[in-house]
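Asker: Handing you this structure, nothing more for now.
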Amino acid sequence: MNSLTKDSLMSAARVGLGGDTLRIHGGKPLTGRIEVRGAKNLVTKAMVAALLGDSPSTLKGVPEISDVHVVRGLLEAHGVVIDSPEPGVLTLDPSNVVSAHFAEINAHAGSSRIPILFCGPLLHQLGEAFIPDLGGCKIGDRPIDFHLDALRALGANVKKLDDGIHLTAPDGLTGAHIELPFPSVGATEQVLLSAVRARGTTELKNAAIEPEIMDLIAILQKMGAIISVEPNRVIVIEGVEKLRGYLHTAIFDRNEAASWAAAALATRGDITVGGAEQQELMTFLNVYRKVGGEFEVLEDGIRFWHPGCALKPVQVETDVHPGFMTDWQQPMVVALTQADGVSVVHETVYENRFGFTEALNEMGADIVVHKDGIASITRRVPRRKLEQAAVITGPTPLHGADVRVPDLRGGFSHLIAALAASGTSTISNVGIIARGYELFLDKLQQLGAEFEVVATEA
Ligand code: UD1
């Protein structure tokens, strides 16, 4: 069994999916209302932040996704007592944090990248941390050099082992001046979680400022931290000796909201995403409108629908916040296969995030991936060597096919494509989708999708 299938099965089992392969009967618009809860990209980090407190924390809006189970398992392996007094609420008590065994950490982590964020809190609590080999979605190399350089700058000793990394900080961590080569989300979080209890002040330049990072900073401030976000991507963290637990409701999942919005467009449907908020989606909403998608901001969500006439092609490039987020491009590419003309999507954040387009082409799409990007009059000066471009020519009717989910967002795109396509599709490895999409089968049912869970692959 390959590691992707193993991950998918574990992920499906964690949230009780009851199967790992779907048979989808497409061609029907998705219509209705679904709810989104806390963001995967915040909740998992907020859970790690609880490690830094000297009293219990309470996190609300926690979605039922398998990444939450992964982090819960990792925290419990380190002695954190976690309870769920009601659905969507977690209490985390870090009073008795202990070192965990390598094997136990490995067993819980699977291919998740979250363990890297345990470094700072564990160095503060225990003076050492072990991080197993990291995976996450297979969307490029996803190195951790920025993380390790930042930890070294803060005073950690980093030793690479065969099966992971061992870190020590016998004298504690000390504030430092750090400049990231790229505004990495994870590395910014690494510095926040490590510098917050370091001796002295840390100045972080070229920091990521995604809404989930701002929410993490809000949590840390509730815990007693002193963190200021200054102009030009500078974050200053004045270390404090002690932090207490927090009470916090997680920011909504803007990536899930954007995915359902794209699903409405691709299937000629009408979906209200309860819990979605305009502020964090403004860049997405601009592109949605340019494509011809309709939306209405409601008091408690956003309604997205297909205009009933031809969609328009666009040129879009992914970027760090406040740009067009890389996680939005895969679902939008599916909608763009139905636009009348040639769209271009530049990916500038990851080096390999168009693998999912192969399956779309099998379903009848016309997508050409240019591995080195392409020149364009509207393209800004390239900043990184890794960028690629997808040229999508539409409209192309989609038809059913048998596809395997490659990663989280790519997998959701396959789901949308199968729902938009005529005929039947079989999608395997759908457990991967459960890493970040809460109760997605229930939601599909609510929206009128026709599908069956056919098998759990062995
Ligand atoms: C987070 C999000 C993910 C999102 C991404 C970019 C989570 C759990 N995941 O991922 O959904 O797509 O931000 O918004 O929050 N890089 C390095 N060295 C490093 C770290 C990163 O070269 O040490 C590179 C990566 O390979 C990538 C780029 O920096 O090309 C951005 O990665 P980063 O922002 O760190 O993404 P994640 O935090 O992993």
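The values are calculated or read from the model by the stated rules, or taken from the named source; none is laboratory data. Keep in mind it's a predicted model, so treat the numbers as computed, not measured. Glycine also receives a Cβ, built like all others from the backbone with ideal geometry; neighbour counts cover every protein chain displayed. Only protein heavy atoms, including side chains, enter the accessible area calculation; ligands, DNA and RNA are left aside. Shrake-Rupley method; radii C 1.70, N 1.55, O 1.52, S 1.80 Å.
Asker: Out of the strands (runs of 3 or more DSSP E) lying entirely within the stretch 44-154, which hold 1 or more residues that are under 24 Å from E438 (Cα atoms)?
Answerer: In the stretch 44-154, 57-60, 81-83, 89-93 are the strands (runs of 3 or more DSSP E) which contain 1 or more residues that are under 24 Å from E438 (Cα atoms).
Asker: Could you run through the stretch 186-213 and say how many residues are within 16 Å of the ligand (Cβ to nearest atom) and β-branched (V, I, T)?
Answerer: 4
Asker: Here is a further query. Take the stretch 281-335 and flag every residue that is out of contact with any strand residue (DSSP E or B) (no Cβ under 8 Å at 6 or more places or on another chain), among the charged types (D, E, K, R) and in a loop (DSSP other than H, G, I, E, B).
Answerer: Across the stretch 281-335, the qualifying residues are E299, D319.
Asker: Starting from residues that are more than 23 Å from the chain's Cα centre (by Cα) and buried (at least 20 other Cβ atoms within 10 Å of the Cβ), keep the ones in the stretch 345-371 and report whichever is farthest from the ligand (Cβ to nearest atom).
Answerer: Step by step, filter the stretch 345-371, then rank; the result is M363.
Asker: Of everything in the stretch 54-65 that's of a type in the set (S, T, N, Q) and touching an Asp or Glu at 6+ places or on another chain (Cβ under 9 Å), which residue is surrounded by the fewest Cβ atoms within 10 Å (Cβ to Cβ)?
Answerer: S55
Asker: Failed condition for Q221, given (1) out of contact with any strand residue (DSSP E or B) (no Cβ under 7 Å at 6 or more places or on another chain); (2) open to solvent by 30 Å² or more (accessible area, probe 1.4 Å); (3) within 30 Å of G61 (Cβ to Cβ); (4) not in a loop (DSSP other than H, G, I, E, B), with all others met?
Answerer: (1)
Asker: When the residues of the stretch 154-179 are filtered to those that are within 16 Å of the ligand (Cβ to nearest atom), buried (at least 20 other Cβ atoms within 10 Å of the Cβ) and under 25 Å from A218 (Cβ atoms), which remaining residue is farthest from the chain's Cα centre (by Cα)?
Answerer: Selected residue: L154.
Asker: Specify the residue that is nearest to P29 (Cα to Cα); the eligible residues are those in the stretch 435-458 that are in contact with a Lys or Arg (Cβ under 7 Å, 6 or more places away or on another chain) and not in a loop (DSSP other than H, G, I, E, B).
Answerer: E450
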